[in-house]
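The values are calculated or read from the model by the stated rules, or taken from the named source; none is laboratory data. Here the structure is a predicted model, which means the values were calculated and not measured. Calculation scope for accessible area: heavy atoms of the full protein, side chains included, ligands and nucleic acids excluded. Shrake-Rupley method; radii C 1.70, N 1.55, O 1.52, S 1.80 Å.
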Amino acid sequence: MFEYEIQEARGIELRERAARVRLAKAAARARRGAGERVAAREAEQRRSGGVTAAA
């Protein structure tokens with residue numbers, strides 16, 4: 001029984017770590033996407049010759 005509990009705890013730790021990794025990767029993708037949107041908006045503002053109201 002004790003060995004089973006150790007294996008179960010290890011499995012839980014591995015699943016939690018995998019979830020943290022997925023969350024970190026999703027956050028990194030979101031940050032990259034946000035940066036790309038800001039860059040696109042700034043480029044559009046430069047092309048249009050002024051600052052738009054959407055900020």
Quick check on the chain: helices-only [θ] at 222 nm, where DSSP H runs of length 4 and up contribute -39,500 (n - 2.57) each and the sum goes over total residues. Nearest 500, please. -32000 deg cm²/dmol
Within the accessible area of the chain, what % is carbon and sulfur when the probe is 1.4 Å and the other protein chains stay in place? 58 percent
Express the accessible area of the chain per residue in Å², computed with a 1.4 Å probe while the remaining protein chains stay in the model. 90 Å²
